[in-house]
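Colleague: Here it is, the structure in full.
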Amino acid sequence: MTDLEAERNRGQRAAAILRDPIVKEAFDEIRESYVSAWEQSSASDTDEREQAYYLLKALQSFRGHFESAVQTGKMASQQLDGLHK
């Protein structure tokens, strides 16, 4: 298997994970819990708001890793298509 094929396969696996209903549900529920914690924090509780912010950023970064793999896989697929023409 070439590097391009490996990247294409990796991207396909990442896309399948992001499409999985239980994964979508998990991302949505976790995000909502962080946003809710931020919204419900008192004006004086900056530590709680900062923690919710950092957790939200970590969740976005985690999801972004999968999205990056999907995009890399699509580019690899396009390159492979170009090689086979």
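Colleague: How much FRET efficiency would the formula 1/(1 + (r/R0)^6) give for residue 32 and residue 85, where r is the Cβ-Cβ distance and R0 is 41 Å, rounded to 0.05? Intermediate results must be reported in sequence, preceding the final value.
Modeller: Numbers: r = 46 Å, r/R0 = 1.12.
The value I calculate is 0.35.
Colleague: Between (i) -0.56, -0.65, -0.74; (ii) -0.38, -0.51, -0.66; (iii) -0.72, -0.81, -0.89, which matches log10 I(q)/I(0) by the Debye sum over Cα atoms at q = 0.13, 0.15, 0.17 Å⁻¹ calculated for the structure shown?
Modeller: Correct label is (i).
Colleague: Fewest Cβ neighbours within 10 Å first, please rank 61, 33 accordingly.
Modeller: Working: 61 9, 33 14.
With the sparsest Cβ surroundings first, the list reads 61, 33.
Colleague: Okay, next question. To the nearest 20 debye, what is the magnitude of the charge dipole of segment 31-85 about its Cα centre, counting +1 on the Cβ of each Lys and Arg and -1 on the Cβ of each Asp and Glu? Each step should come with its number before you reach the end.
Modeller: Details: 6 positive and 8 negative charges, 98 e Å.
My answer is approximately 480 debye.
Colleague: May I ask you to list the residues of segment 1-42 whose amide nitrogen lies under 11 Å from a point 7 Å from Cα along the Cα→beta-carbon direction of residue 48?
Modeller: 37-42
Colleague: If you don't mind, another one. When 1, 75 are ordered from fewest to most other Cβ atoms inside 10 Å of their Cβ, what list results? Display every interim value, and only then the final one.
Modeller: Values: 1 7, 75 14.
Arranged by neighbour count, lowest to highest, 1, 75 become 1, 75.
Colleague: Say R0 is 25 Å: what FRET efficiency, to the nearest 0.05, do residue 57 and residue 5 get from their beta-carbon distance?
Modeller: Values: r = 33 Å, r/R0 = 1.33.
The value I calculate is 0.15.
Every number in this text was worked out from the coordinates using simple rules, so none of it is lab data. Values in this document were obtained by computation on a predicted structure and should not be read as measured data. When we count neighbours, we look across all protein chains shown, and the Cβ atoms used for this are built from the backbone with ideal geometry, even at glycine.
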